[in-house]
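Structure provided below as structure tokens; questions to follow.
Since every read-out is calculated from the coordinates, none of them should be taken as a lab result. Computed from a predicted structure; not experimentally measured. When we count neighbours, we look across all protein chains shown, and the Cβ atoms used for this are built from the backbone with ideal geometry, even at glycine.
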Amino acid sequence: MIAGPYLRLALALLAWAGVAATTLNAGPVRAATAAVAVLAVPGTALVLRCRWPAGVRQAPLTAVVPALACSTVLATAAATPMLLTHTFTARRVLVVLAVLTTLLVLPYPRRRPPPDPANRFARPAPPPPTGRHRGPSLRAGALAAACLLAGAAACADPTALTSPAPNARAESEGTVQATEPPNLPGAWHLVFHDDFNGSRLNTKDWTTCYDWNIGGCTNAGNHELEWYLPGQVSVADGNLTLTAQRRETHGTDGKTYPWTSGMVTTGRDHWDGTPRHTFTYGYYAAAIKVPAEAEGMFPAFWLIPAETRGTPPEIDIVEFINTATQVSANLHWRAPDGSDTHIGNSYGPRDFADGYHVYAVDWQPDSVTWYVDGVQRFQVTEPAAIPHVAMELVINLAVGFQVAPPSGVDSARLNVGWVAVWQR
């Protein structure tokens with residue numbers, strides 16, 4: 001197929017536009033640009049590389065189906081090694097496909113038959129048609145394969161399978177203990193730490209409700225089904241345990257809740273109180289084992305503003321929304337029009353209920369970076385999104401966000417091995 005230089009340039013630009021779109025907030029422009037970059041561009045570039053028999057012209061419409069099929073195959077080939085090594089992100093796949101597309105649209109000289117020895121100055125004649133469809137050139141196929149391997153190797157995190165979680169070491173009992181500061185640049189110092197080695201919650205560091213605590217609390221904004229009570233929080237054997245139980249509870253807000261559950265925060269005992277601990281910037285980490293009873297459960301480790309007592313801003317270090325296999329990381333901020341704007345990413349699938357995993361975020365004045373078991377999974381650098389206010393730590397086990405637990409589930413437990421905050 002004949003492809004002009006402008007068409008080749010347009011394909012390369014569309015491929016890299018898909019990469020650039022990942023920096024935008026979720027919306028139709030981001031989705032449409034990424035979809036074109038994944039489903040159309042690389043396959044079209046590969047089809048344009050195909051050589052057709054002499055005298056045969058390929059109609060543009062007949063190339064649509066092969067282009068879509070080739071794009072699907074190439075996207076699958078790019079994503080598969082990342083999924084197998086737990087390094088998959090949409091941006092990494094788009095980068096691989098953009099590199100591949102760029103190399104496919106680069107022109108290279110075509111080989112000509114040798115000149116006629118009887119006439120050294122004659123123009124070489126084209127080879128006679130063979131009547132057979134030659135298909136894509138072997139060179140294009142080799143180029144595509146080499147590019148996929150190189151791009152996947154460049155985007156994959158080599159430490160994804162072998163690097164232990166920073167600040168943690170495995171214990172024979174299956175839990176983990178904080179031992180060292182983050183393995184990141186800078187001189188870090190520990191400003192907060194609890195390994196829950198006592199027999200009860202340290203109330204100098206923690207309270208068991210949000211700032212609007214009046215004999216318990218809930219998050220009415222999420223229409224959750226639980227009423228938080230201190231009796232659902234326990235400390236024993238080096239673990240903090242938050243227990244959700246299907247037990248009808250009458251809240252002081254006049255409503256009846258079908259579930260009761262537990263939470264802890266470094267905030268206030270009541271609306272007019274003083275927060276126990278607030279933090280601005282730093283590295284926040286916790287070793288957490290999420291409940292296997294995932295449907296209807298919403299465990300989270302997050303940061304909320306101390307002064308305004310409401311969000312945004314909000315840093316969701318880790319959320320498990322009706323799942324135990326997919327980590328969600330989100331950042332909320334207030335747009336100029338006052339609306340709640342957010343950006344997020346997810347990592348998985350993986351069985352996170354199989355034991356303790358270390359979830360962390362590095363919050364700095366110019367970035368917020370998320371880690372799962374020591375491997376970076378997501379980062380936001382948009383200036384408008386970065387919070388610059390003091391925040392309280394929250395760990396909670398919410399119930400009934402989006403869906404209610406199934407009838408056969410009557411309890412769930414969230415275990416925390418330790419919580420630590422470092423600053424520099």
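Compute the FRET efficiency between V29 and D410 as 1/(1 + (r/R0)^6), taking r as their Cβ-Cβ distance and R0 = 51 Å, and round to the nearest 0.05. Write out the running numbers ahead of the final one.
On the way: r = 45 Å, r/R0 = 0.89.
E(calc), rounded to 0.05, equals 0.70.
Expressed as a whole percent, how much of the Cα-Cα distance distribution for segment 176-296 exceeds 24 Å?
Details: 2689 of 7260 pairs.
I get 37 percent for the Cα pairs in segment 176-296 exceeding 24 Å.
By how many nm would the segment from Q379 to R247 lengthen if fully extended, with 0.36 nm per residue of separation less the alpha-carbon distance? Write out the running numbers ahead of the final one.
Values: separation 132, 0.36 × 132 = 47.52 nm, distance 3.95 nm.
Answer, rounded to one decimal: 43.6 nm.
Taking 4 °C and 1.567 mPa s as the conditions, I'd like the Stokes-Einstein D for segment 265-323 in µm²/s, using the Kirkwood hydrodynamic radius from alpha carbon pairs. Mind dumping the intermediate values first?
On the way: Rh = 13.3 Å.
Once the numbers are plugged in, D ends up at 97 µm²/s.
Less than 15 Å Cβ to Cβ from T274, Lys/Arg counted +1 and Asp/Glu -1: what total charge do the surrounding residues give?
Working: positive: K204, R268, R276, R309; negative: D205, D211, D269, D272, E307, E392.
So the environment of T274 carries a net charge of -2.
If each of E295 and H270 carries a label point 7 Å out from its Cα toward its Cβ, how far apart are those two points in nm?
The answer from the label model is 4.2 nm.
Stretch H189-L39 to full length: gain in nm at 0.36 nm per residue minus the Cα-Cα span?
Working: separation 150, 0.36 × 150 = 54.00 nm, distance 4.74 nm.
Fully extending the segment from H189 to L39 adds 49.3 nm.
Give, as a single signed number, the net charge of other residues whose beta carbon lies under 10 Å from the beta carbon of L303, with Lys and Arg counted +1 and Asp and Glu -1.
Here the charged neighbours net out to -3.
So how much slack lies between W212 and D366, counting 0.36 nm per residue of separation and subtracting their Cα-Cα distance, in nm? Walk me through the intermediate numbers first.
Numbers: separation 154, 0.36 × 154 = 55.44 nm, distance 3.13 nm.
Full-extension gain reported as 52.3 nm.
Ok, one more. What distance in nm lies between label points placed 7 Å from Cα along the C-beta direction at Y6 and N222?
Output for this residue pair reads 5.3 nm.
Extending each Cα 7 Å along its Cβ direction at T256 and R334, get the distance between those two points in nm, one decimal.
3.8 nm
Treating segment 347-424 as a set of equal point scatterers at the Cα positions, no solvent, please give the Debye-formula log₁₀ I(q)/I(0) at q = 0.13, 0.18, 0.27 Å⁻¹.
Those come out to -0.61, -1.04, -1.39, one per q.
Compare the peptides 261-274, 197-210 by average per-residue count of other Cβ atoms within 10 angstrom and give them in order, highest first.
261-274, 197-210
Report the rotationally averaged projected area of segment 196-244 based on its alpha-carbon convex hull, in square nanometres. Please report the intermediate quantities before stating the final value.
On the way: hull surface 15.4 nm².
Over every viewing direction, the Cα hull of segment 196-244 projects on average to 3.8 nm².
Next question. From Cα coordinates alone, what are the radius of gyration and Dmax values for segment 232-380 in angstrom?
Rg, Dmax (Cα atoms, Å): 16.4, 49.
Additional query: Let me have the relative contact order for segment 300-401, percent, based on Cα pairs under 8 Å that are six or more residues apart.
Numbers: 202 pairs, mean separation 28.6, N = 102.
Across segment 300-401, relative contact order equals 28 percent.
Through the Karplus equation 6.51 cos²θ - 1.76 cosθ + 1.60, θ set to phi - 60°, convert the phi angles of segment 338-343 into ³J(HN,Hα) values in whole Hz; use x for Gly and Pro.
x, 7, 7, 10, 8, 9
Please give the charge dipole size of segment 270-424, origin at the Cα centre, charges +1 on K and R Cβ atoms and -1 on D and E Cβ atoms. Round to the nearest 20 debye.
Numbers: 8 positive and 17 negative charges, 62 e Å.
The calculated dipole for segment 270-424 is roughly 300 debye.
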